[in-house]
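First up is the structure itself, then whatever we jot down about it.
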Amino acid sequence: EAHLRALPTVRDAVAVVSGTGVGAHVQAYYLLERSTSPGPDARGVDAATDEAPDPAASASLLQSYTLPNGLDVAHQHDHITSGLYTEIFGDETYLRHGITIEDGDCVVDVGANIGMFSLYAHYAAQEVRVYAFEPIPPTFACLNENFARHGIDGGAFQRGVARAAGQDTFTNNPNTTG
């Protein structure tokens, strides 16, 4: 991780070791300082135009929801947000099979939706960095707002994550998103 972070264009990196002995392998994940593809980067600045959206205008259009633990989140649908809360905060479904969140960890939330797991990780331990990826624009707006409201360290990215670089089309039903 330190070697990757030392590169001038790398913002942050995490390495994950799987297996032991001869069968062990390492997967490395890294984030670049600035995207060269169209669309907003971690700061919300569009690389093609170098312009940032007006966060006050975007945030004012979002719905708020108070979770049972008292946290206020930007969201799209009460029933979906309630279900995500139960799954992530109540049942701790994402912490199965030995997964833990420790002080100083780096969490990558792929398909982050509105950021419920990102919020969970942020409050689970001290100095946790969370990098969340959500490609659907209205859902990303909620994710980005939740990062801002809760001061989550790391970044929210309006991008999909895949094995190889490329473009694809997502199917989105606005009535079933978080």
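So here's what we get for this one:
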item	result
HN-Hα J in Hz across segment 152-161 - Karplus 6.51, -1.76, 1.60, θ = phi - 60°, x for Gly and Pro	6, 6, x, x, 10, 10, 8, 8, x, 10
HN-Hα J in Hz across segment 112-119 - Karplus 6.51, -1.76, 1.60, θ = phi - 60°, x for Gly and Pro	5, 6, 7, x, 4, 5, 4, 5
Rounded accessible area of Asp168 (nearest 10 Å², 1.4 Å probe)	130 Å²
Karplus-derived 3J(HN,Hα), 6.51/-1.76/1.60, for each residue of segment 74-87, Hz, glycine and proline x	7, 7, 10, 9, 3, 5, 6, 4, 4, x, 5, 4, 4, 5
Asn172 long-range amide H proximity, modeled H, under 5 Å	none
Long-range HN-HN contacts of Val130 with modeled amide H, under 5 Å	Val107, Asp153, Gly154, Gly155
Area of Glu145 that stays accessible when all protein chains are in place (1.4 Å probe, Å², to 10)	40 Å²
Candidate residues Thr86, Thr81: accessible-area rank, largest first, probe 1.4 Å	Thr86, Thr81
Segment His79-Ala148, extension gain: residue separation times 0.36 nm, minus the distance between their alpha carbons	22.5 nm
Solvent-accessible area of Asp78 with every protein chain in place, 1.4 Å probe, in Å² to the nearest 10	90 Å²
Förster radius 45 Å - calculated FRET efficiency between Ala6 and Arg96, Cβ distance, rounded to 0.05	0.85
Residue order for Ile152, Ile80, Ile99 - accessible surface, 1.4 angstrom probe, largest first	Ile99, Ile80, Ile152
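The values are calculated or read from the model by the stated rules, or taken from the named source; none is laboratory data. Computed from a prediction, not measured in an experiment: that's the story for all the values here. Note: ideal-geometry Cβ built from the backbone for every residue, glycine included; neighbour counts use all protein chains shown. When the accessible area is computed, the model is the full protein with side chains, heavy atoms only, and any ligands, DNA or RNA have been set aside. Shrake-Rupley method; radii C 1.70, N 1.55, O 1.52, S 1.80 Å.
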